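Each remark here refers to the structure printed beneath this line.
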Amino acid sequence: MERRVLAAISAVVLSYGLLQTMLVPAANHVQADLHTSSQGATWAVLSAMLLSSAAVTPVLGRLADRFGQRTILLACLWIYLAGALVAAVAPSIEVLIAARVLQGVGLTLVPLSFALVKSSLTGPAVGRGLALAATLVTGSAGAGLLAGGLIADHFSWRWLFVIGAAVIVVALVLTSRDLPADEARDASPIDWSGAALLAVALTTLLLAVTQGRAWGWTSWQVLGLVGLALLSAALLVVVEERVAAPLIDLNLMRGGLLAAHLGALMLGVNQFMLYTLLPHLAQAPGSGASGLGLSATAAAALLVPGALLTIPAGRWRPARVDEPRSLLAVGLAVSSVGAGVLLVARGGPLVVTAVYVLVSLGYGIAMAALPRLVARECPPLRLGSVNAVNTVARTVGGAFGSQLAALVLSGQSRPGRSAYDLGFAVAAAAAVIGVPLVLAAGVRQSRVAV
């Protein structure tokens, strides 16, 4: 039973992780083939799916609590498959962007996988399943970068969606066959007003972040979007305090769950800064000081050993530490040390690969700790929605991280080493800041419990 459940969950997470990153190395191919601008290609590769996922993931997580996690997971897989098939034959950039918007439901696969592990398994198998699912998110993303580069360089980028669709079909078959039917459900009504306000707050904030460089960080568009995001967030707090069954229960946003969300946010900043900086450094002309002069495929290959390490790293317990909040802090600390080493490391591809292995050790520990911490602190009937919020927190951190990295590199056709060092320092600082935030949130929870 455990193996069949884990095989199904692994296929689901792989279907998301691969398509999350496979298209990244193919951005230039998409731009040329569909005769669009670099901005249009960026929207097709990342931005459209990012904004869509931020808007729908918390709502779908709540629907999973209400109507069943397996039921909503299957629905998401079908929609995700439809998006992949449309993308594979997209005749224009507009159609491709629409398909990627449809694929925004893919992010929901991750929190629902965590929730289904908790509801489908028992005893120690739950911890093993959560660690596997969490670390596969990063591991499959690394594999997707390499596969995307190879396929885009030697075939058409459209094959990326064909391969992705095949993985989704496998996930659909295994989920339908091996995951047990939903049992306990939260019968409380859906908080549609809270869902709408949260969607507006997240999408306006992320749109401001993703378009900040193009529009100007002090432009009226960016400032207006930030203002709308803040207003929506303030109204959300007011609404959630008054409704009987809030989408985001503010009473749960403390202690261990607050630690999980803050840790996910800072981890996302660190991860996506390095996802942006390291391939850029690897492909920049040079011999180590300010670039390695590698191809896109070779640059992606540098990250694969570390990305794959996250899977076994998720089961490692440093110094017999097993409490998930402490493990999350340890993972952030290790990730920070790895980013800090990049500040002083000077060398070729092997040095970059070795340091990224260290960084990925931290990612594996932290990623495995997040769903365990949520599962421990969250009421069983709210696992879908709370895991969704946690996943969105990392996504928001990732959006900020990628834009911070782009800001560091912007305006320089060939950034000097100082630009990369500044980026590595910010990535390290984000993870360092996360450590006391996580530990302090846990302390507050203990005091409340007493």
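No lab work stands behind these numbers, since they all come straight from the coordinates. This structure is a prediction, so every number in the text was calculated from the model and none was measured. Backbone-built Cβ (ideal geometry, glycine too); neighbour counts: all protein chains shown.
Points to keep in mind about this one:
- Region 38-83 versus region 254-273: alpha-carbon centroid distance in Å: 21 Å
- Spread over its residues, the convex hull of the C-alpha atoms of region 74-197 is 140 Å³ per residue.
- Site pair Ala233 and Thr122 shows an inter-label distance of 4.3 nm when each label is modelled 7 Å from Cα along Cα→Cβ.
- Each peptide in 257-268, 391-402, 108-119, 65-76 receives the mean, over its residues, of other Cβ atoms within 10 Å, and ordering these scores from highest gives 108-119, 257-268, 391-402, 65-76.
- Measure of compaction for the chain (Cα Rg per 2.2 N^0.38 Å): 0.92
- With a Förster radius of 41 Å applied to the C-beta separation of Leu381 and Ile433, the computed FRET efficiency comes to 0.80.
- On the beta carbon distance between Arg177 and Ser92, with R0 = 45 Å, the FRET formula returns roughly 0.75.
- Taking trypsin sites (Lys or Arg not before Pro) across region 162-262, the ones in a DSSP loop with at most 12 further Cβ atoms lying within 10 angstrom of their Cβ are Arg242.
- Label point at Ser295 placed 7 Å out along Cα→Cβ; residues across region 14-45 whose backbone nitrogen lies under 16 Å: 25-29
- Cα coordinate range in region 1-106, projected on the principal axes (Å, largest first): 48, 27, 19
- Within the chain, longest stretch clear of exposed GluC sites (Glu not before Pro) (DSSP loop, no more than 14 other Cβ within 10 Å): 242-450
- A viscosity of 0.890 mPa s and a temperature of 25 °C, combined with the Kirkwood radius over C-alpha pairs in the Stokes-Einstein formula, give region 326-398 a diffusion coefficient of 180 µm²/s.
- Sites Arg315 and Val170, calculated FRET efficiency, Cβ-Cβ separation with R0 25 Å, nearest 0.05: 0.55
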